Amino acid sequence: MKDASPQTIYLEDYTPFGWRIAEVHLTFRLAPHATRVLSRIRFDPAPDAPEQDFFLHGEDLTLIRAAIDGAEITPALSPQGLRCAVPDGSFTFETEVEIAPAANTALEGLYMSNGMYCTQCEAEGFRKITYYPDRPDVMATFTVRIEGTEPVKLSNGNPGGSGNGYAEWHDPWPKPAYLFALVAGDLVNHPGSFTTMSGKEVALNIWVRPGDENKCAWGMESLIASMRWDEKVYGREYDLDVFNIVAVDDFNMGAMENKGLNVFNSSCVLASPETSTDANFERIEAIIAHEYFHNWTGNRITCRDWFQLCLKEGLTVYRDSQFTSDMRSPEVKRIGDVIDLRARQFPEDQGPLSHPVRPESFQEINNFYTATVYEKGAEVIGMLKRLVGDDAYAKALDLYFDRHDGQACTIEDWLAVFQDSTGRDLTQFKRWYSQPGTPHLSVTEDWQDGTFTLTFAQHTPGQQDAQPQVLPIAVGLLGPNGDEVAPTRVLEMTETRQSFAFDGLGARPVPSILRGFSAPVVLERATSASEKSFLLAHDTDAFNRWEANRDLARACLEAMVTEGTEPDDAWLGALEQVVRDDTLDPAFRALMLALPTQAEMAQHLHANGVTPDPDALYAASESLRNAMAARWSGWLGDLRAACTVDAPYDPGAGQSGKRALGGALLALLTRLDGGAAAQAQFDAADNMTLQLGALGCLVQAGTEHAALARFAEQWRGDRLVMDKWFALQVAATAPENAATRAEALTRHPDFDWKNPNRFRAVFGSLAMNHAGFHARDGRGYRLLADWLIRLDEKNPQTTARMCSVFQTWRRYDNARQALMKAELERLAAKPGLSRDVTEMVTRLLG
Ligand code: PHE
Ligand code: ZN
């Protein structure tokens, strides 16, 4: 049972645990409704910890027996754990508890998914398995015995003995309980192997449900590439004899880095050309890498407490983005990351859920696995690297691994490594970890006697106490003919207002500012459309070239919405040049062709003091797309034909870029031919990228009926593909149908709402259909709130995460605000609401 009155936990209250644990012995006797967990732990007093009562976390456990040094005791039990008197020196503590994995719908602790046992312990799930000091700074080696009839029984570390009905595992690396994992079931494996840089042979396995074996090859390839990359780039070698990955259908998040036994949401590991899109392949490659990289940044060096979450997550996201850049195109990856940051982190940082990269308090830690901790956390590391330089970064990382291997660390430890190895004072830089909000950076320019001066000013809206941040601002200068006259230079801004001069110039240059999006800020710069078009045509920095286009697109849509103007001819002419330029990467051209989403436009208008009208934004993007299609009708078909791939499917950057551009062009063509080309592509498709892309166009055109039925017929037995079927209809349909369609889908026999992937397929997509979710009469809000109320009883964590779709509620008009507020209040008033959702709704309304 959840605590009725949620407690707030503060960073400043940290105290070390009073004991150390050398070794943990666990025995699991598996049974769906009555699993027994026996634990034997040796506790030694921690010399420098303050005096404290002996307390072990434990939730939803039935205590069968407890003993100290072999003598039975009767501890005091509460909903949070167990307390008892203990000897002064060292002692052995034993418990036996009973738990019911089959009744666990929260998917935290030990639970069952399709008859298979699996665990999820991060952040605080281990306490639902046994009594334990469930905190990341308590690190111990684990020896685990699993008893059960399941043919496959896995845990962390290296395999030990096994026999009839049991398997033993030993993990020699001390770890916190959140990295514990156990999996048991009827699984089949896709094997592989890797020889490490010192010549050690590692057995690799991807474990899946029978029938999914043909979807493992890509995951294995990605794993091997990740292992090789981490050796080459960070000098990090794998440290066990085996590395196991398991695919699970019911999972709250993407994947989990348990030591030697990563558990994946099946959507983040299973792939085949027929069932997965190019985007799926890229995402799987990145997530496999992310979880693998955690072995060093997260597992070998872990977090002292959960406030330090960004220590492992920001760094690991940064590392996986470097990996993807190396495997694919760095420019395309960077643009994609910035699109994502603006779509997910900016609204968080600029709304009621705003919190620092290192939060200072929380009620439910699960609510802080956020875009701010992860993605802004990674941006902060990118800035640090930009400021100190690549070599100094590499040296600092070597020192980090040397100094802190085997420890549970803090952001202070992380920054000290950079201070000590570079001699740089990072006191001011540290504000990136403590100050919430997105800084705005404005810039003015001056030209005199061959000297060009840029003057920057920074402020963070909504954050009265914000002190100036350290901003690395990458700037290059272009001459009047488009040549680069000053290559990229990183300006280091530390003051509220600061000028930087470039001298010896023959003519007034055009500046390209914040190249590569060198700091996560909002750049405010009053530039003419013609200067943006100039950058769009000439900038040597791919990111800023894309950004110039994005600015023009936003300005065009804004004018269409607020002034009722026609689409901007000059911009469309300049864009056409880029899109038709075959010397450019097709993936980049596809990104140029994509318009800002309606949610991005709402954010943009709101920042400019305009209340966004979702219906008007939808109408404007439709009419802009129609105008593009009409204007470019002469060449769309030919260029699309040139994107055809005549080779066996390959998910790499080359082919997927062509398919991305082809897909964007098909969407425009569909506006001219009513869906004929899309139907033909759908009928002939032999991979999911082409099939789903075509289906999306048909849904948009409103001519999807037969294709949808055929798709369902073809893929009825494939859960992951059926998730796409559910999602697409809601996401791509006209706004007036979105809520109705979502509602109808909840009555579909395959709508298994307790499965997080399926729930998100319908409701995550509803939230993404901007004008549909924000339907004037509040249908979208009401439907979602109804289902959140229902899901909360089963799965608080997924429910709480989905509450964030309401985080922008204050941006909209009074009528919509009132409707959203009413739904949030209805949620808040629900008797027995979980701690997770209570905290989210309170913050959203606060
Ligand atoms: N630590 C996981 C990751 O970043 C995410 C996660 C958090 C998974 C909590 C499950 C629960 O890879
Ligand atoms: Zn992670």
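Out of the strands (runs of 3 or more DSSP E) lying entirely within the range 119-210, which hold 3 or more residues that are free of Cβ contacts under 8 Å to residues at least 40 places away in the same chain? Break it down stepwise before answering.
Values: elements: 140-147, 152-155, 158-163, 166-175, 182-185, 188-195, 201-208.
Strands (runs of 3 or more DSSP E) meeting the threshold: 158-163, 166-175, 188-195.
What number of residues in the range 307-327 are without any contact (Cβ under 8 Å) to a residue 24 or more places away in the chain and within 11 Å of ligand 1 (Cβ to nearest atom)? Show your work before the answer.
Of all residues in the range 307-327, those without any contact (Cβ under 8 Å) to a residue 24 or more places away in the chain come to 312, 325.
From what is left, the residues that are within 11 Å of ligand 1 (Cβ to nearest atom) are 312.
Residues flagged as without any contact (Cβ under 8 Å) to a residue 24 or more places away in the chain and within 11 Å of ligand 1 (Cβ to nearest atom) within the range 307-327 amount to 1.
So that you can scan it fast, the table gives a plain yes or no per residue for (1) closer than 14 Å to Val248 by Cβ; (2) touching a Phe, Trp or Tyr at 6+ places or on another chain (Cβ under 7 Å); (3) surrounded by fewer than 24 Cβ atoms within 10 Å (Cβ to Cβ); (4) assigned by TED's automatic domain parsing to the domain that holds Arg20:
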site: Val86; (1), (2), (3), (4): no, yes, yes, yes
site: Gly89; (1), (2), (3), (4): no, no, yes, yes
site: Thr92; (1), (2), (3), (4): no, no, yes, yes
site: Met116; (1), (2), (3), (4): yes, no, yes, yes
site: Phe126; (1), (2), (3), (4): no, yes, no, yes
site: Ile129; (1), (2), (3), (4): no, no, no, yes
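One residue is enough: does the range 264-276 have a residue meeting the conditions within 22 Å of Gly157 (Cα to Cα), within 14 Å of ligand 2 (Cβ to nearest atom) and touching a helix residue (DSSP H, G or I) at 6+ places or on another chain (Cβ under 9 Å)?
yes
Count, please, the residues in the range 262-273 that happen to be part of a loop (DSSP other than H, G, I, E, B) and out of contact with any Asp or Glu (no Cβ under 7 Å at 6 or more places or on another chain). Lay out the reasoning, then the answer.
First, the residues of the range 262-273 that are part of a loop (DSSP other than H, G, I, E, B): 269-273.
Cutting the leftovers down to out of contact with any Asp or Glu (no Cβ under 7 Å at 6 or more places or on another chain) gives us 269, 271-273.
Within the range 262-273, residues that are part of a loop (DSSP other than H, G, I, E, B) and out of contact with any Asp or Glu (no Cβ under 7 Å at 6 or more places or on another chain) number 4.
Residues in the range 686-726 that are of a type in the set (D, E, K, R), surrounded by 15 or more Cβ atoms within 10 Å (Cβ to Cβ) and outside any helix (DSSP H, G or I): how many?
The total comes to 2.
Here's a check for you: in the range 220-230, which residue that is within 30 Å of Thr798 (Cβ to Cβ) and of a type in the set (A, V, I, L, M, F, W, C) is farthest from ligand 1 (Cβ to nearest atom)?
By that ranking, first place goes to Met220.
What tally of residues in the range 90-118 results from selecting those that are farther than 20 Å from Thr798 by Cα and either free of Cβ contacts under 8 Å to residues at least 40 places away in the same chain or outside any loop (DSSP other than H, G, I, E, B) (or both)? Break it down into steps so the answer makes sense when it comes.
Filtering the range 90-118 down to residues farther than 20 Å from Thr798 by Cα leaves 90-100, 115-116.
Going one step further and asking which of them are either free of Cβ contacts under 8 Å to residues at least 40 places away in the same chain or outside any loop (DSSP other than H, G, I, E, B) (or both), we end up with 91-99, 116.
Counting residues in the range 90-118 that are farther than 20 Å from Thr798 by Cα and either free of Cβ contacts under 8 Å to residues at least 40 places away in the same chain or outside any loop (DSSP other than H, G, I, E, B) (or both) gives 10.
Sort out which residues of the range 727-756 are small (Gly, Ala, Ser) and either surrounded by fewer than 18 Cβ atoms within 10 Å (Cβ to Cβ) or in a loop (DSSP other than H, G, I, E, B) (or both), and write them in order of number.
Going through the range 727-756, the residues small (Gly, Ala, Ser) turn out to be 727, 731-732, 734, 738-739, 742, 744.
The answer is Ala734, Ala744.
Within the range 438-467, track down each residue that is crowded, with 17+ Cβ neighbours inside 10 Å and either in contact with a helix residue (DSSP H, G or I) (Cβ under 7 Å, 6 or more places away or on another chain) or free of Cβ contacts under 8 Å to residues at least 40 places away in the same chain (or both).
Within the range 438-467, Thr438, Thr460, Ala466 meet the criteria.
What are the residue pairs meeting all of these: first residue in the range 362-390, first residue farther than 15 Å from Arg424 by Cβ and of a type in the set (Ser, Thr, Tyr), second residue more than 11 Å from ligand 1 (Cβ to nearest atom) and outside any helix (DSSP H, G or I), Cβ atoms under 8 Å, and 6 or more apart or on different chains?
Listed pairs, sorted by first residue: Thr370/Leu353; Thr370/His355; Thr372/Ser354; Thr372/His355; Thr372/Pro356; Thr372/Val357; Thr372/Pro436.
Pick out the one residue from Gln407, Gln428 that is assigned by TED's automatic domain parsing to the domain that holds Arg344 and over 22 Å from Ile301 (Cα atoms). So that I can check it myself, show each step before the final result.
On the way: Gln407 fails: over 22 Å from Ile301 (Cα atoms).
It is Gln428.
When the residues of the range 231-280 are narrowed to those that are of a type in the set (Val, Ile, Thr) and more than 16 Å from ligand 1 (Cβ to nearest atom), which ends up farthest from Leu315 (Cα to Cα)? Don't jump to the end; show me each part of the working.
Looking only at the range 231-280, we keep the residues that are of a type in the set (Val, Ile, Thr), and these are 233, 242, 245-246, 248, 263, 269, 275, 277.
From what's left, more than 16 Å from ligand 1 (Cβ to nearest atom): 233, 242, 275, 277.
Details: Val233: 14, Val242: 24, Thr275: 32, Thr277: 28 Å.
Step by step, filter the range 231-280, then rank; the result is Thr275.
It is to be established whether one or more residues within the range 3-14 are touching a residue at least 24 places away in the same chain (Cβ under 8 Å), aromatic (Phe, Trp, Tyr) and surrounded by fewer than 17 Cβ atoms within 10 Å (Cβ to Cβ). Spell out how you get there, then give the answer.
Quick first cut of the range 3-14, residues touching a residue at least 24 places away in the same chain (Cβ under 8 Å) only: 3, 6-12, 14.
Checking the rest, the ones that are also aromatic (Phe, Trp, Tyr) come to 10, 14.
Right, trim to surrounded by fewer than 17 Cβ atoms within 10 Å (Cβ to Cβ) and you get 10, 14.
Checked against the condition, which is being touching a residue at least 24 places away in the same chain (Cβ under 8 Å), aromatic (Phe, Trp, Tyr) and surrounded by fewer than 17 Cβ atoms within 10 Å (Cβ to Cβ), the range 3-14 yields at least one hit.
Looking at the range 242-261, can you tell me whether even one residue there is assigned to a helix (DSSP H, G or I) and away from ligand 2 (no atom under 16 Å from the Cβ)?
Taking every residue of the range 242-261 in turn, none turns out to be assigned to a helix (DSSP H, G or I) and away from ligand 2 (no atom under 16 Å from the Cβ).
Which of the residues belonging to the range 367-414 are within 15 Å of ligand 2 (Cβ to nearest atom) and not charged (D, E, K, R)?
Taking the range 367-414 first, the residues within 15 Å of ligand 2 (Cβ to nearest atom) are 368-378, 381.
Phe368, Tyr369, Thr370, Ala371, Thr372, Val373, Tyr374, Gly377, Ala378, Ile381, listed by residue number.
In a helix (DSSP H, G or I), small (Gly, Ala, Ser) and away from ligand 1 (no atom under 12 Å from the Cβ): is that true of Gly382 in this structure? Before the answer, list the steps.
Values: in a helix (DSSP H, G or I): yes; small (Gly, Ala, Ser): yes; away from ligand 1 (no atom under 12 Å from the Cβ): yes.
So Gly382 passes the test.
Kindly indicate whether Arg580 is surrounded by fewer than 22 Cβ atoms within 10 Å (Cβ to Cβ), of a type in the set (Lys, Arg) and out of contact with any Cys (no Cβ under 8 Å at 6 or more places or on another chain).
On the way: surrounded by fewer than 22 Cβ atoms within 10 Å (Cβ to Cβ): yes; of a type in the set (Lys, Arg): yes; out of contact with any Cys (no Cβ under 8 Å at 6 or more places or on another chain): yes.
When the stated conditions are applied, Arg580 passes them.
Looking at Arg631, Arg554, which is the one that is surrounded by fewer than 22 Cβ atoms within 10 Å (Cβ to Cβ) and in contact with a His (Cβ under 7 Å, 6 or more places away or on another chain)? Give the derivation first.
On the way: Arg631 fails: in contact with a His (Cβ under 7 Å, 6 or more places away or on another chain).
Just a single option satisfies the conditions, and that option is Arg554.
Looking at (1) away from ligand 1 (no atom under 15 Å from the Cβ); (2) in contact (Cβ under 8 Å) with a residue 12 or more places away in the chain; (3) surrounded by fewer than 21 Cβ atoms within 10 Å (Cβ to Cβ), find the lone condition where Pro330 falls short.
(2)
Only one of Phe28, Phe54, Phe17, Phe43 is of a type in the set (Phe, Trp, Tyr), closer than 28 Å to Arg145 by Cα and either surrounded by fewer than 17 Cβ atoms within 10 Å (Cβ to Cβ) or within 32 Å of the chain's Cα centre (by Cα) (or both). Can you tell me which? Working first, answer last.
Numbers: Phe28 fails: either surrounded by fewer than 17 Cβ atoms within 10 Å (Cβ to Cβ) or within 32 Å of the chain's Cα centre (by Cα) (or both); Phe54 fails: either surrounded by fewer than 17 Cβ atoms within 10 Å (Cβ to Cβ) or within 32 Å of the chain's Cα centre (by Cα) (or both); Phe43 fails: either surrounded by fewer than 17 Cβ atoms within 10 Å (Cβ to Cβ) or within 32 Å of the chain's Cα centre (by Cα) (or both).
Only one candidate passes the filter, namely Phe17.
Considering only the range 544-561, how many residues are in contact with a helix residue (DSSP H, G or I) (Cβ under 8 Å, 6 or more places away or on another chain) and more than 12 Å from Met592 (Cβ to Cβ)? Lay out the reasoning, then the answer.
Taking the range 544-561 first, the residues in contact with a helix residue (DSSP H, G or I) (Cβ under 8 Å, 6 or more places away or on another chain) are 544-549, 551-558, 560-561.
Okay, now just the ones that are also more than 12 Å from Met592 (Cβ to Cβ), so 544, 551, 554-558, 560-561.
Of the residues in the range 544-561, 9 are in contact with a helix residue (DSSP H, G or I) (Cβ under 8 Å, 6 or more places away or on another chain) and more than 12 Å from Met592 (Cβ to Cβ).
Tell me, please, whether a residue that is assigned to a helix (DSSP H, G or I) and farther than 20 Å from Ala678 by Cα can be found in the range 638-648. Write out each step before concluding.
Taking the range 638-648 first, the residues assigned to a helix (DSSP H, G or I) are 638-642.
Going one step further and asking which of them are farther than 20 Å from Ala678 by Cα, we end up with none.
No, there is no match, as no residue in the range 638-648 is assigned to a helix (DSSP H, G or I) and farther than 20 Å from Ala678 by Cα.
Enumerate the pairs (first residue in the range 247-271 and crowded, with 24+ Cβ neighbours inside 10 Å; second residue anywhere and part of a strand (DSSP E or B) and among the charged types (D, E, K, R)) with beta-carbon separation below 8 Å, excluding pairs fewer than 6 apart on the same chain, so at least 6 apart or on different chains.
Lys259/Asp171; Lys259/Lys175; Gly260/Asp171
The values are calculated or read from the model by the stated rules, or taken from the named source; none is laboratory data. Quick caveat, the model's predicted, so the values are computed rather than measured. Heads up, the Cβs are rebuilt from the backbone with ideal geometry, glycines too, and the neighbour counts pull from every protein chain shown.
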